[in-house]
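Asks: Handing you a structure now.
The values are calculated or read from the model by the stated rules, or taken from the named source; none is laboratory data. As the structure is a prediction and not an experimental result, all values here were calculated from the model. Methodologically, a virtual Cβ is constructed for each residue, glycine included, from the backbone with ideal geometry; neighbour enumeration extends over all protein chains shown. When the accessible area is computed, the model is the full protein with side chains, heavy atoms only, and any ligands, DNA or RNA have been set aside. Shrake-Rupley method; radii C 1.70, N 1.55, O 1.52, S 1.80 Å.
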Amino acid sequence: MAKLLVSSVVMFVVTFALSWFVHGYLLYGDYMQMLSSMRKPEDTHALMPWMILAHALFAVAFSWIYLRGREDKPWLAQGIRYGLAIAVLTIAPTYLIYHVVTPVPLAVALKQIVFDTVRVVLMGIVLAWINRR
């Protein structure tokens, strides 16, 4: 239980920070071009508790699944594989669905997929590193 708690806290910090970098910096210009179909940045502040909850849920689930399924293999490769698996399971389908049901341009969806896949692979590496045997 202690490993899950520590892993979840670390993953929360990592996912929140990297998500801010991806969505608040790298994709900021793309999002500003889509303001007519998105909330204005100043309107999102009141909704931040939901964002925090979303990242907390992701951090706990990400950590729990890894800790339950890790193998006695080199940690770096295992972290990369895990991050890629989670990206294929969650990141790519989510942004492709957003492209279909919202006015998110395909070019933006593809950037979201690439950047968030890198984010989740980095998370997998950090998680594998802090839980190496």
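Asks: Excluding Trp64 itself, calculate the net charge of residues whose Cβ lies under 14 Å from the Cβ of Trp64, where each Lys or Arg counts +1 and each Asp or Glu counts -1.
Replies: Combined, the nearby Lys, Arg, Asp and Glu give +3.
Asks: Helix 2-19 against the longest principal axis of the chain: what's the angle in degrees, Cα atoms only, rounded to the nearest 10?
Replies: Result, in degrees: 30.
Asks: Using a 7 Å offset from the Cα along the Cα-to-Cβ direction at both Ala85 and Val9, what is the distance between the two label points in nm, to one decimal?
Replies: With each label placed 7 Å out from Cα toward Cβ, I get 2.7 nm.
Asks: Between the range 84-131 and the range 49-82, how many Å separate their Cα centres?
Replies: So the two Cα centres are separated by 14 Å.
Asks: Quick check on the range 67-133: take the gyration tensor over C-alpha atoms, sort the square-rooted eigenvalues as a ≥ b ≥ c, and tell me if it's rounded (a/c under 1.5), prolate or oblate.
Replies: Prolate.
Asks: Let me ask you something else. Apply the Karplus curve 6.51 cos²θ - 1.76 cosθ + 1.60, θ = phi - 60°, to the phi angles in the range 28-35 and return the couplings in whole Hz, x for Gly and Pro.
Replies: Karplus values, whole Hz, x for Gly and Pro: 3, x, 4, 5, 5, 6, 10, 4.
Asks: Now for a different question. Can you work out the accessible area per residue across the range 21-109, with the rest of the protein chains kept in place, probe 1.4 Å, in square angstrom?
Replies: 66
Asks: Moving to a separate point now. Ranked highest first by the average count of other Cβ atoms within 10 Å around their residues, in what order do 118-129, 43-54, 23-34 fall?
Replies: 118-129, 23-34, 43-54
Asks: Put +1 on the Cβ of every Lys and Arg and -1 on every Asp and Glu Cβ in the chain; which of Pro49, Ile80, Ala59 then has its Cα farthest towards the positive end of the dipole?
Replies: Value: Ile80.
Asks: Same structure again: Rounded to whole Hz and in sequence order, give me ³J(HN,Hα) for the range 87-103 from the Karplus expression 6.51 cos²θ - 1.76 cosθ + 1.60, θ = phi - 60°, writing x for Gly and Pro.
Replies: 4, 5, 6, 10, 5, 4, x, 4, 6, 5, 5, 4, 4, 6, 9, 10, x
Asks: Note down the magnitude of the dipole of the range 17-133 about its Cα centre, charges +1 on Lys and Arg C-beta and -1 on Asp and Glu C-beta and zero elsewhere, to the nearest 20 debye.
Replies: I would put it at about 400 debye.
Asks: Taking Rg/Rh (Cα atoms, Kirkwood Rh) as the quantity of interest, determine which of (i) 1.00; (ii) 1.30; (iii) 1.05 was computed from the displayed structure.
Replies: (i)
Asks: Calculate how steeply helix 106-130 sits against the longest principal axis of the alpha-carbon atoms of the chain, using the helix alpha-carbon long axis, and give the answer as 0 to 90 degrees to the nearest 10.
Replies: 20
Asks: What is the helix-to-structure angle for 48-69, meaning the angle in degrees between its Cα long axis and the longest Cα principal axis of the chain, kept from 0 to 90 and rounded to the nearest 10?
Replies: Taking Cα atoms only, the helix is inclined about 30 degrees.
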